[in-house]
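Colleague: Okay, handing you the structure first.
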Amino acid sequence: MLEHVCGMNKAAQLIHGDRVLSSDEANKLNDIAKKRSEGVPLPYLLGTQEFFGRPFLVNPSVLIPRPDTECLVEWLIEHLPKNGLVCDLGTGSGCIAATVALERPDLTVWASDLSGSALNVAKANCKALGAEVNAED
């Protein structure tokens, strides 16, 4: 949470351990901590979740990418036929579609979701990561 609020990674926090938070930073940190104590998942509070070593935007309109889903993606990357077609139905954040497209550029990847807000998150993630994914609702 501190890294998100201050923009300082863990190493920078150690080096500048005597740095005092501004009142704005302290207020933001308190707000995040309060919502976290109320059970709001940290990735929703921070707006991002790492998946396959890449940052993905998340919000309550999508499920938070999970590490166990990375096993599915690894299997897909290894076993899908060359120049194949992948359809990610209910794409949510687009983490599966984007990762498969980035790791296997020979594949044609389609992503779809009934939720327009979820599909917008997927499109934003694909664009930010440079993943060539055809996204449709």
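Colleague: Counting only residues that are of a type in the set (D, E, K, R) and touching a Cys at 6+ places or on another chain (Cβ under 7 Å), how many does segment 23-74 have? Walk me through how you get there before you give the answer.
Modeller: Restricting attention to segment 23-74, the residues satisfying the condition of being of a type in the set (D, E, K, R) are 24-25, 28, 31, 34-36, 38, 50, 54, 66, 68, 70, 74.
Applying the additional criterion that residues be touching a Cys at 6+ places or on another chain (Cβ under 7 Å) yields 25.
Here the count works out to 1.
Colleague: Would segment 4-19 turn up any residue that is over 29 Å from V109 (Cβ atoms), exposed (fewer than 12 other Cβ atoms within 10 Å of the Cβ), at pLDDT 95 or above and not basic (K, R)?
Modeller: Within segment 4-19, the first condition is being over 29 Å from V109 (Cβ atoms), and the residues that meet it are 4-19.
From the residues that got through so far, the ones that are exposed (fewer than 12 other Cβ atoms within 10 Å of the Cβ) too are 7, 9-11, 14-18.
From what's left, at pLDDT 95 or above: none.
No, segment 4-19 contains no residue that is over 29 Å from V109 (Cβ atoms), exposed (fewer than 12 other Cβ atoms within 10 Å of the Cβ), at pLDDT 95 or above and not basic (K, R).
Colleague: Given the criteria touching an Asp or Glu at 6+ places or on another chain (Cβ under 6 Å), surrounded by 13 or more Cβ atoms within 10 Å (Cβ to Cβ) and not hydrophobic (A, V, I, L, M, F, W, C), does T69 qualify? Steps first, please.
Modeller: Details: touching an Asp or Glu at 6+ places or on another chain (Cβ under 6 Å): no; surrounded by 13 or more Cβ atoms within 10 Å (Cβ to Cβ): yes; not hydrophobic (A, V, I, L, M, F, W, C): yes.
In short, no.
Colleague: Can you spot a residue in segment 130-137 that is polar (S, T, N, Q) and farther than 17 Å from Q49 by Cα? Reasoning before the result, please.
Modeller: Filtering segment 130-137 for residues polar (S, T, N, Q) gives 134.
When the remaining residues are screened for being farther than 17 Å from Q49 by Cα, the result is 134.
Looking for residues that are polar (S, T, N, Q) and farther than 17 Å from Q49 by Cα, one finds at least one in segment 130-137, hence yes.
Conditions tested, residue by residue: (1) at pLDDT below 95; (2) out of contact with any Lys or Arg (no Cβ under 7 Å at 6 or more places or on another chain); (3) farther than 25 Å from R36 by Cα; (4) surrounded by fewer than 18 Cβ atoms within 10 Å (Cβ to Cβ).
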| site | (1), (2), (3), (4) |
| --- | --- |
| Q49 | no, yes, no, no |
| E74 | no, yes, yes, yes |
| G84 | no, yes, yes, yes |
| E103 | no, yes, yes, yes |
| D106 | no, no, yes, yes |
| A131 | no, yes, yes, no |
| E136 | yes, yes, yes, yes |
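Colleague: Does segment 53-61 contain any residue that is out of contact with any Pro (no Cβ under 7 Å at 6 or more places or on another chain), at pLDDT 95 or above, over 20 Å from K127 (Cβ atoms) and not in a helix (DSSP H, G or I)? Please lay out each step first, then the result.
Modeller: Filtering segment 53-61 down to residues out of contact with any Pro (no Cβ under 7 Å at 6 or more places or on another chain) leaves 53-55, 57, 59-61.
Within this subset, residues satisfying the condition of being at pLDDT 95 or above are 53-55, 57, 59-61.
Narrowing the set further to residues that are over 20 Å from K127 (Cβ atoms) leaves 60.
Now drop any that are not not in a helix (DSSP H, G or I), which leaves 60.
Yes; the residues of segment 53-61 include at least one that is out of contact with any Pro (no Cβ under 7 Å at 6 or more places or on another chain), at pLDDT 95 or above, over 20 Å from K127 (Cβ atoms) and not in a helix (DSSP H, G or I).
Colleague: If the Cβ limit is 9 Å and pairs must be 6+ apart or interchain, which residue in segment 120-137 that is farther than 14 Å from L102 by Cα and β-branched (V, I, T) pairs with which residue that is surrounded by fewer than 13 Cβ atoms within 10 Å (Cβ to Cβ) and modelled with pLDDT of 95 or more?
Modeller: none
The values are calculated or read from the model by the stated rules, or taken from the named source; none is laboratory data. Computed from a predicted structure; not experimentally measured. Neighbour counts are summed over all protein chains in view; Cβ atoms, including those assigned to glycine, are modelled from backbone coordinates with ideal geometry.
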